[in-house]
Amino acid sequence: MKQMIKLGLILALFTSVACVSLALVSNFTSGAIERAAQKELNEGLRTVFADADAFSPAQGTFTAAAGVTIDAVYMAEKGGTVIGSVVQATGSTYDKATILVGITSNKTITSIQFLSLTDTPGFGQKAAEPAFKDQFTGKSADDNFALGDDIDAISGSTITTKGVIAIISSAVESGLAAIHNGGSN
Amino acid sequence: MNKYWTLFKNGLMRENPLLVLMIGLCSSLAVTTKFENGLGMGLALTFVLFMSEVLISLLRKLIPDSIRIPVFIIIIATFVTIVDLLMKAYMTELAKALGVFIPLIVVNCIIMGRVESFASKRTVGEAAVDALGMGIGYLWVLTGISIVRELLGSGTFIGMTVLSEEYTIAFFSRAPGGFFVFAMFIAASRAFRLMAEKKACAVQMKNTLLTEGEQK
């Protein structure tokens, strides 16, 4: 019994020393980590919505189509007025994709950007290449992104193509809803 | 001095953790698609291995035998978390590329193995040299594999395009290519060792023959 308490105390001592040193390191690095994440987010937002000079997160929850989650919505502002929004949405493709979609208040897609895409290299991965993803640039939200008419599918990757289109149309809907409601939903 | 040199060399080739002991393979095969990733992973592991071996060797008389494994894990996990936080703060790109494999250094058999079988029984100096040898042994194999895989798989090297896309073989950037290149490294190191042994053997035989001749 005595031995057990002794061992427990020794283990506790090691753990607390480890905790204190980790707390110090975490304290030291947390600022830099946050700044790096913020910078990356801002750069991502700027690549899909180059016209805006500031972004602010929109409040509220957004409904999405089945299989798609709206991760975040940012209002794109220029000189203080909202000129559009950027939506981050995740959904299933052949595997999974997270996409940033920018949409202006007059319903035009500014650009799309893949934050992550885990489909097969050589097939589904082609969705992130300019040849496919730049097709969405300048498309109107009123188009229904019909395969063959509006969007050329990736050969051999129909499931990826359809998944990406579903994510984008859901994101566009949420983005427009956010613009319509003035940044809250 | 000679003793330390032998210890150091041990990890580089004769008991190389990847090529000979064949431990810690999962992470090494997964991250070696790009030179930078191989180098980053190798450096991170070397740092954690060095710090843990030195600290555990320092504390080896204070750690009760029956709870040594949990204490080792606490120490290793602390250093891994420090590396993880520092990378996320100052090397964002690398941290993203290595992803989950940095936290997974905690359960890397190389560290646990060296700490348990070496650092917990030897002096600080010996542990430090062993850690450097093993760490650099891991590092050079990892960077070697990743240079070959990046060159053949994506045709690039440190951001420069060396081979145009028509000549690259995508096989090498995927898992089977990793196994293949790794096997080639093992074969080459084995051939090299056998050759060295043969040479040493021949020299020894010549010496014995000479002394025998003298005796007669």
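Could you tally the net charge around A:F136, taking each other residue with its Cβ under 10 Å from the Cβ of A:F136, Lys/Arg +1 and Asp/Glu -1? Numbers along the way, then the final one.
Details: positive: A:K133, A:K139; negative: A:D134, A:D143, A:D150.
Every neighbour counted, the sum reads -1.
Hey, if you put +1 on the Cβ of every Lys and Arg and -1 on every Asp and Glu Cβ in the protein assembly as shown, which of B:V181, B:P64, A:G138 ends up farthest toward the positive end of that dipole?
So the residue we want is B:P64.
Of A:D143, A:D149, B:D84, which has the most accessible area with a 1.4 Å probe, and how do the rest follow in descending order?
These residues rank, largest area first, as A:D149, A:D143, B:D84.
What is the interface area between chains B and A, defined as buried accessible area summed over both chains with a 1.4 Å probe, reported in Å² to the nearest 100?
Working: alone 12220 and 10620 Å², together 21260 Å².
Buried surface at the B/A interface: approximately 1600 Å².
Could you give the dipole magnitude of chain B about its Cα centre, charging the beta-carbon of Lys and Arg +1 and that of Asp and Glu -1, in debye to the nearest 20?
Working: 20 positive and 15 negative charges, 113 e Å.
For this selection, approximately 540 debye.
Distance in nm between label sites at B:R14 and B:M91, each 7 Å beyond Cα in the beta-carbon direction?
Here the modelled spin labels are 3.1 nm apart.
Calculate, for the protein assembly as shown, the solvent-accessible area per residue in square angstrom, rolling a 1.4 angstrom probe over the heavy atoms of the protein chains. Kindly include the intermediate steps, with their values, before the conclusion.
On the way: 21260 Å² over 401 residues.
Value returned for the protein assembly as shown: 53 Å² of accessible area per residue.
In nanometres, what is the gap between the two model label sites at A:S30 and B:L25, each 7 Å from Cα along Cα-to-Cβ?
Distance between label points: 4.2 nm.
Counting only residues 5 or more places away or on other chains, whose amide H sits under 5 Å from the amide H of A:I151 once H atoms are built in the peptide plane?
Here A:A146 satisfy the definition.
From the residues B:Y138, B:L152, B:A89, which one has its Cα farthest along the dipole of the protein assembly as shown in the positive direction, the dipole being from +1 and -1 charges on Cβ of Lys/Arg and Asp/Glu about the Cα centre?
Of the candidates, B:Y138 comes out farthest on the positive side.
What FRET efficiency would be calculated for the residue pair A:V17, B:W5, taking the C-beta separation as r and a Förster radius of 45 Å, to the nearest 0.05? Show your work: numbers first, answer last.
Values: r = 34 Å, r/R0 = 0.76.
It comes out at approximately 0.85.
Any idea how far apart B:E212 and A:I5 come out in nm if each label point goes 7 Å out from Cα toward Cβ?
If labels sit at B:E212 and A:I5, their model points lie 7.2 nm apart.
Count the net charge of all other residues whose Cβ sits under 15 Å from the Cβ of B:V129, scoring Lys and Arg as +1 and Asp and Glu as -1.
Working: positive: B:K3, B:K9, B:R14, B:R114, B:K121, B:R122; negative: B:E15, B:E53, B:E126, B:D130.
Result for the neighbourhood of B:V129: +2.
Suppose a student asked you for the relative contact order of chain A, using Cα pairs under 8 Å spaced at least 6 residues apart; what percent would you report? It would help to have the intermediate numbers written out before the result.
On the way: 311 pairs, mean separation 38.6, N = 185.
This gives 21 percent for chain A.
Please give me the summed charge of the neighbours of A:E40: other residues whose Cβ is under 14 Å from its Cβ, Lys and Arg +1, Asp and Glu -1. Working shown, then result.
Values: positive: A:R35, A:K39, A:R46, B:K88, B:K96; negative: A:E34, A:E43, B:E93.
Counting the neighbours of A:E40, the net charge comes to +2.
As a test of understanding, state the convex hull volume per residue of the range A:101-185 from its alpha carbons, in Å³.
On the way: hull volume 7.6 nm³, N = 85.
Here the figure is 90 Å³ per residue.
May I ask which of A:K39/A:K96; A:K133/B:K34; B:K9/B:K34; A:K39/A:K107; A:K6/B:K3 have a Cα-Cα span longer than 31 Å here? It would help to have the intermediate numbers written out before the result.
Numbers: A:K39/A:K96 24 Å; A:K133/B:K34 25 Å; B:K9/B:K34 27 Å; A:K39/A:K107 27 Å; A:K6/B:K3 38 Å.
Violating the 31 Å limit, Cα to Cα: A:K6/B:K3.
Whole-Hz ³J(HN,Hα) for each residue in the range B:63-79, computed from phi via Karplus 6.51 cos²θ - 1.76 cosθ + 1.60 with θ = phi - 60°, x for glycine and proline: what do you get?
8, x, 4, 6, 10, 5, 4, x, 5, 4, 5, 4, 5, 4, 4, 4, 5
Compute the angle between helix A:158-180 and the longest alpha-carbon principal axis of chain A, please, reported from 0 to 90 degrees and rounded to the nearest 10.
For A:158-180 against chain A, the angle is about 90 degrees.
With +1 on each Lys and Arg Cβ and -1 on each Asp and Glu Cβ, and nothing else charged, work out how big the dipole of the protein assembly as shown is about its Cα centre, in Debye to the nearest 20.
On the way: 32 positive and 32 negative charges, 451 e Å.
Charge dipole of the protein assembly as shown: 2160 debye, to the nearest 20.
The values are calculated or read from the model by the stated rules, or taken from the named source; none is laboratory data. From a predicted model like this one, the values you see are computed outputs, not experimental measurements. Virtual Cβ from ideal backbone geometry, glycine too; neighbours counted across all protein chains shown. Surface accessibility is based on the protein's heavy atoms, side chains included, excluding ligands, DNA and RNA. Shrake-Rupley method; radii C 1.70, N 1.55, O 1.52, S 1.80 Å.
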